[in-house]
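Below is one structure, written out as structure tokens; the observations come after it.
The values are calculated or read from the model by the stated rules, or taken from the named source; none is laboratory data. Remember, it's a predicted structure, so these values are computed and weren't measured experimentally. Here the Cβ is made from the backbone with ideal geometry for all residues, glycine too, and neighbour counts use every protein chain on show. Heads up: the accessible areas ignore ligands, DNA and RNA and are worked out on the full protein's heavy atoms, side chains in. Shrake-Rupley method; radii C 1.70, N 1.55, O 1.52, S 1.80 Å.
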Amino acid sequence: HPYLNKLVTPLPHIQEKIDKVLSQFTGNTLGIHIRRRYGGSVVKMQPKIEEFIDTHSDSKIFACVDSPEDMEPLKQYGDRLVFFEQSHKDRGLEGMSEALVDFCALSKCQEMVGTKGSSFSEMSEILNETKREIVLI
């Protein structure tokens, strides 16, 4: 994994965005990644989110979603919800840069619930150094 960490070294302007997201994390941040194409959904992740919030009084939920409509039901978590506002949901340079922000921040969460079969979730799991609990559903 050290080699993989060297490969994922964001440019300074992207790292600034990552750091801004990370500044909103607590010591108990649950990362979620929803990839609809592989069966990910808010409904599937809801039990883990609720359990996490009930367990940690300082909990935050960091959300990465491919479909903006998946963010709507997550807004019920109010100031516990952290996300990187993306304006380019595409595979262009800006879209990929924004996805890298999500990817790097997701890999820094203390716990994670990702979408099984999604390389984004699986690679974030590999880069995650906390390994407290990571579930792919």
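Numbers at a glance
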read-out	value
Filter result for G40 (at pLDDT below 95, in a loop (DSSP other than H, G, I, E, B) and open to solvent by less than 60 Å² (accessible area, probe 1.4 Å))	yes
Residue in the range 79-97 that is small (G, A, S) and either in contact with a Gly (Cβ under 8 Å, 6 or more places away or on another chain) or surrounded by 13 or more Cβ atoms within 10 Å (Cβ to Cβ) (or both) present	yes
T55 in contact with a Lys or Arg (Cβ under 9 Å, 6 or more places away or on another chain) and at negative phi	no
Residue count, the range 103-114 (criterion: assigned to a helix (DSSP H, G or I) and open to solvent by less than 10 Å² (accessible area, probe 1.4 Å))	2
Flag if M112 is touching a Leu at 6+ places or on another chain (Cβ under 7 Å) and within 21 Å of D19 (Cα to Cα)	yes
Test: residue in the range 24-31 that is assigned to a helix (DSSP H, G or I), surrounded by 12 or more Cβ atoms within 10 Å (Cβ to Cβ) and not β-branched (V, I, T)	no
